[in-house]
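The next block holds one structure in the form of structure tokens; read it before the comments.
The values are calculated or read from the model by the stated rules, or taken from the named source; none is laboratory data. Since the model is a prediction, treat every value here as computed from it, not as a measurement. Quick reminder, even Gly has a Cβ in these numbers, built from the backbone with ideal geometry, and neighbours come from all protein chains shown. When the accessible area is computed, the model is the full protein with side chains, heavy atoms only, and any ligands, DNA or RNA have been set aside. Shrake-Rupley method; radii C 1.70, N 1.55, O 1.52, S 1.80 Å.
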Amino acid sequence: MEKFIRYIYNSEITTSALAHYEIDPENTTLLDSFESFIYNVHKEGREFILRIGHNSHRTADLVQGESEFINHLAKGSLSVPKVIPSLFGNLVETIPAEDGSQFLTTLFTKAKGKPPSRDTWAAPLFELMGCFMGKLHHLSKSFQPSQPRFSRYDIERDFAEMYAIGKRNLPKEDEPILQAYLDTIQVIRQLPKGRENYGLCHVDFHSGNFFVSEDGDITLFDFDDCQYAWFIYDIAMALFYAIPHNCRTPKDLRMAETFLSHFWKGYLRENILEPNWLEAIPHFLRLREIDLYMVIHRSMDLENLDSWSASYMDHRREKILSQVPYCEINYMNI
């Protein structure tokens, strides 16, 4: 989140957002504020998730498109939190800020279950994750927003926005990082696009963004980054977050192979994607590696990082510039 958004955000905006859904401010808990302000709220004896984001991050039209996509997936029997209309029947409500900009509110049903545990982090879950993503991609092929202006952006816009984040936030000595980013996206741009390999993706499928129920069912949330991209990008991101930041030891590499092989097996049960696409995964791993490096510079105090971010940033600059593969396995043997 850009620093100015935190500066203009205040309790009055929260109160106004809650009022759009007749939610009592009491018993409202802030859960996260990395990209948006996320609250756990209660209404009529049920728990919901209220998200308040800024229109500099996502416009109202983009949030509308995200909301329609989520409800399309839910209608297709995929387990995702539904977007609940406001008192005025809108999936997205706007709240003016003092500087003339807007905050956007969206209310979601709360995902059932809980985060996956160490005990469940094994082959059966990996295969279930692959099934889930395969079905998501299959359903995305039939999605059309209610109006063209509600279409989500494609990866080219993400390329431009991420490069701009790097330009604004990286120190001058990190210009080689920006060049590495440009080189990476140039390689990715050469990949073919077609209905069977390119569509609306989640692009942030990791254990922090889904719950597992007692019955073993996955519910995926946080579609804020959903965009039109290559389906293999979604698969690469699932791998990225499933492996250690320094995936180099034989044990870690075997774990990466186990994860991807079972994920891929499950994926092919729900969607068709030619196996040669697996060869593109290293390019997307490198893309996310550089993305995160730039986002951490934008959003965090480099001298006071949390443990996950500190681990990630350890020698990250050197790894990027030396082109150390994020995960060096034989993808075609999967």
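For this structure, a couple of remarks:
- Antiparallel %, DSSP beta bridges [both residues in the chain], to 5: 95 percent
- Candidates per GluC sites (Glu not before Pro) in region 295-334, loop by DSSP, up to 10 other Cβ within 10 Å: GLU303
- Rg/Rh (Cα only; Kirkwood hydrodynamic radius) as it applies to region 265-330: 1.10
- Reference-scaled alpha-carbon Rg (2.2 N^0.38 Å with N residues) for region 184-255: 1.32
- Inverse of mean 1/r across different Cα pairs in region 72-151, Kirkwood, Å: 15.8 Å
- Rounded to the nearest 10 square angstrom, VAL212 shows an accessible area of 20 square angstrom against a 1.4 Å probe.
- Candidate residues HIS283, HIS72, HIS54: accessible-area rank, largest first, probe 1.4 Å: HIS283, HIS72, HIS54
- Inter-centroid distance (Cα atoms) of region 273-310 relative to region 85-104, Å: 31 Å
- Total formal charge among the other residues, if their Cβ is under 12 angstrom from that of ALA111, Lys/Arg +1 and Asp/Glu -1: +1
- Across LYS141/LYS265; LYS112/LYS265; LYS172/LYS319; LYS114/LYS193; LYS75/LYS251; LYS82/LYS114, pairs whose alpha-carbon gap is larger than 29 Å: LYS114/LYS193; LYS75/LYS251
- Stokes-Einstein diffusion for region 223-320, with the hydrodynamic radius set to the Kirkwood value over Cα pairs and evaluated at 37 °C in a medium of 0.692 mPa s, equals 219 µm²/s.
- Alpha-carbon centroid distance for the pair region 24-83 / region 177-232, whole angstrom: 19 Å
- Area accessible to solvent at HIS57, 1.4 Å probe radius, in Å²: 40 Å²
- Tail fraction, Cα-Cα pairs, the chain, threshold 24 Å, whole percent: 57 percent
- In this simple spin-label model, placing a label point 7 Å from the Cα along the Cα-to-Cβ direction at both SER311 and GLN323 gives a separation of 2.9 nm.
- Estimated 222 nm signal from helices in the chain, with DSSP H stretches of n ≥ 4 weighted -39500 (n - 2.57), rounded to 500: -13500 deg cm²/dmol
- Per-residue SASA remark: GLU93, around 20 Å² accessible (1.4 Å probe; ligands, DNA and RNA not included).
- Net length gained if the chain between ALA160 and PHE4 were fully extended (0.36 nm per residue, minus Cα distance): 54.1 nm
- Hydrodynamic radius of region 1-131 per Kirkwood, over alpha carbon pairs, in Å: 16.1 Å
- Among the chymotrypsin sites (Phe, Trp or Tyr not before Pro) within region 54-118, those in coil by DSSP and having at most 12 neighbouring Cβ atoms inside 10 Å are PHE88.
- Largest-first ellipsoid semi-axes for region 122-214, taking √(5λ) over the Cα gyration tensor eigenvalues, angstrom: 30, 20, 14
- Between the amide H of LYS82 and those of THR109, distances stay under 5 Å, these residues lying 5 or more places away or on another chain, with hydrogens modeled in the peptide plane.
- In region 60-202, the C-alpha radius of gyration followed by the widest Cα-Cα span (Dmax) gives 18.9, 51 angstrom.
- Loop-located trypsin sites (Lys or Arg not before Pro) across region 64-161 with a Cβ neighbour count of 10 or fewer within 10 Å are ARG118, with loop assigned by DSSP.
- Sequence-separation-based contact order of the chain, relative, with Cα cut under 8 Å and 6+ spacing, percent: 19 percent
- For GLU270, the shell of other residues with beta-carbons less than 14 Å away shows a net charge of +1, using +1 for Lys and Arg and -1 for Asp and Glu.
- Net +/- balance of residues flanking PHE223 in space, Cβ distance below 10 Å, scoring K and R +1, D and E -1: -4
- Full-stretch length increase - LYS172, ASN27 - with 0.36 nm per residue and alpha-carbon distance subtracted: 47.6 nm
- Built amide H within the under 5 Å cut-off of CYS201, gap 5+: GLN227, TYR228, ALA229
- Mean accessible surface per residue for region 139-264, computed with a 1.4 Å probe while every protein chain stays in place, in Å²: 44 Å²
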